Amino acid sequence: MAQILPPLESWRRIDAWLATHAASDFALLNPPATRDDIQQAERLLGTPLPRDLAESLQCHNGVSAWAAFLPEQSPLTVSGIMDHWQTCMGVAAENDGLTRRPWDDGPWWDPLWIPWALRRGAW
């Protein structure tokens, strides 16, 4: 069975591999987010960030430009998470997107969803 590593150890391995094999992608990783940045996001979201996400952001606060080293998605910064969440909340509120319709599996958006990454061209 595969072992799931904590974010700090995972990022240590990812950083080492990128530095050796994809230095241009490694250079896109931002420095760590501050605890104040994370607490500000948690106040806006009205809930604590999942522990693994908070720990990951304390390793790298997303990337400075879209990067493809994670399949199909690029990690957001703390401010990017807040901006995207606020945008989705606004769109959902304007379009009744917080309500589950009988023909849908669920609502278009839920306030508890935390966007941690985006696909290229998603917004």
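The values are calculated or read from the model by the stated rules, or taken from the named source; none is laboratory data. As the structure is a computational prediction, the values presented were derived from the model and not from experiment. When we count neighbours, we look across all protein chains shown, and the Cβ atoms used for this are built from the backbone with ideal geometry, even at glycine. Side chains are part of the model used for accessible areas, which takes the heavy atoms of the whole protein and leaves out ligands, DNA and RNA. Shrake-Rupley method; radii C 1.70, N 1.55, O 1.52, S 1.80 Å.
Which whole-number percent gives the relative contact order of the chain, counting Cα pairs below 8 Å spaced six or more residues apart?
24 percent
Relative to the first principal axis of the alpha-carbon coordinates of the chain, what is the inclination of helix 7-21, with its axis defined by its Cα atoms, in degrees from 0 to 90 and to the nearest 10?
That helix lies at roughly 60 degrees to the long axis.
Grab the beta carbon distance between Asp105 and Ile4, set R0 = 30 Å, and tell me the FRET efficiency rounded to 0.05.
So the FRET efficiency works out to roughly 0.65.
Hey, what angle do you get for helix 78-94 against the long axis of the chain, alpha-carbon based, 0 to 90 degrees rounded to 10?
Tilt of helix 78-94: around 20 degrees.
As a test of reading the structure, rank Cys59, Cys88 by solvent-accessible area (1.4 Å probe, protein chains only), most first.
Cys59, Cys88
If you average the alpha carbon positions of the stretch 9-35 and of the stretch 39-116, how far apart do those two centres end up, in angstrom?
So the separation of the two Cα centres works out to 22 Å.
For helix 35-45, report the angle its Cα long axis makes with the longest principal axis of the Cα atoms of the chain; keep it between 0 and 90° and round to the nearest 10°.
20 degrees
Of the listed peptides 20-28, 107-115, 60-68, what is their order by residue-averaged count of other C-beta atoms within 10 Å, with the highest listed first?
Averaged packing, sorted descending, gives the order 60-68, 107-115, 20-28.
Kindly provide the trypsin sites (Lys or Arg not before Pro) of the stretch 1-104 that DSSP labels as loop, not H, G, I, E or B, and whose Cβ sees at most 16 other Cβ atoms within 10 Å.
Those satisfying the criteria are Arg100.
Would you kindly work out the equivalent ellipsoid of the chain from its C-alpha gyration tensor and give its semi-axes, the square roots of five times the eigenvalues, largest first in whole Å?
29, 16, 15
Based solely on its DSSP helices, what 222 nm [θ] is calculated for the chain when runs of n ≥ 4 H residues each add -39,500 (n - 2.57) and the sum is averaged over all residues, nearest 500 deg cm²/dmol?
-13000 deg cm²/dmol
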